[in-house]
Amino acid sequence: MEEIIRIRKASIWIFIVPIAVLNLCLVLSINYHIFDFTEPNFWSIFRVDQVSRSAFTIPYFDGSMSISRTARGYPNYLLFKPGMIITAIFLTQYWIAYNKLFKKIDESKKNKYFLFFGIGSALFLALHSIFLGYELDFELYKFFRRFMLLGFIIFEIVAQAILVINLIRIKEKINQFINKGILRIKIILVSLLIIVALCSIPILSSLNHVHFKHALEWNYFIAIVTFYLLTFMFWKKKKT
């Protein structure tokens, strides 16, 4: 099916682009000294803003730096913003392709809620990326930026969960196109994302455990996009 090819293509880019961009921003942050020249009259176009500078860190483990801090300084945001917007475009293509696939397989259920939440997550991601980096001292603006990030996470988890449930329901109809073992892994991954999100609410709502929150943020984002790597592996490559 043509939709399966589109899903596989979109899913692998949804996995590769954000991971590559995010970790490249991290490399720039901890290697800022490469572009930090001491000559008073020398200015480097690649000089990293102070806000995004950091000593050596592996935030996946020590949580010394948040994703926001890594990405919002110059020139990091020149990578992060386009990268996340491109990811949002691929997300939109992904969920539309899945909706079309389900229409072909199960015409009795044309309206799939995962399409609404999936495209919603892409919109939240794009908006959060666009507004990241503007330091405005307005509580409403700060709330809006946090709301965009939270909206992306919630909508993404809901979309993934609904999609997995629908795949389980029609797995016998698509048996020849899928790897059932990957479906089981996707079920485990989505279940863990939901459990971790619920268990983390008390910690996230407190003012303490900053490093834990940062480490959780990095790893949780990686887990979310890993869902799309599993999608790429879930659908069997079309034989020529």
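Every number here is computed from the coordinates shown, using simple stated rules; none is lab data. All of these numbers come straight from a predicted model, not from anything done at the bench. All Cβ positions, even for glycine, are placed from backbone atoms using ideal geometry, and neighbour counts span all protein chains on display.
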**OP:** Would you tally the net charge around Met65, using a Cβ to Cβ cut-off of less than 14 Å, leaving Met65 out, and scoring K and R as +1, D and E as -1?
**Re:** +1
Original post:
Which angle from 0 to 90°, rounded to the nearest 10, does the C-alpha axis of helix 139-170 make with the longest principal axis of the chain?
Top reply: 30
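Per residue of the chain, what 222 nm ellipticity follows from adding -39500 (n - 2.57) for every DSSP H run with n ≥ 4, rounded to the nearest 500? The partial results should precede the final answer.
On the way: 8 runs with 170 residues, N = 240.
Value at 222 nm, helices only, nearest 500: -24500 deg cm²/dmol.
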Subject >> Filter on Lys81/Lys171; Lys103/Lys186; Lys9/Lys103 - keep pairs with C-alpha separation over 28 Å >> reply: Lys81/Lys171
Original post:
Which whole-number percent gives the relative contact order of the chain, counting Cα pairs below 8 Å spaced six or more residues apart?
Top reply: 28
**OP:** Which order do the peptides 72-79, 119-126, 145-152 take when ranked by the mean count of other beta-carbon atoms within 10 Å per residue, highest first?
**Re:** 119-126, 72-79, 145-152
Original post:
Dipole of the chain, Cα-centred, from +1 at each Lys and Arg C-beta and -1 at each Asp and Glu C-beta, to the nearest 20 debye?
Top reply: 1440
Subject >> Exposed GluC sites (Glu not before Pro) absent - longest run of the chain, DSSP non-H/G/I/E/B, at most 11 other C-beta within 10 Å >> reply: 1-106
**OP:** Treating each Cα of region 47-108 as an identical point scatterer and ignoring solvent, apply the Debye formula and state log10 I(q)/I(0) at q = 0.13, 0.16, 0.19, 0.28 Å⁻¹.
**Re:** -0.55, -0.66, -0.77, -1.08
**OP:** Return the long-range amide H neighbours of Ile178 (sequence gap of 5 or more, or a different chain), with a cut-off of under 5 Å between placed amide H atoms.
**Re:** Lys236
Original post:
How big is the chain by Rg and Dmax over its Cα atoms, in Å?
Top reply: 19.7, 70
Subject >> At most 11 other Cβ within 10 Å, DSSP loop - trypsin sites (Lys or Arg not before Pro), region 163-215 >> reply: Lys173
**OP:** Set Lys and Arg Cβ to +1 and Asp and Glu Cβ to -1, take the dipole of the chain about its Cα centre, and tell me which of Gly73, Gly118, Ile130 lies farthest positive.
**Re:** Gly118
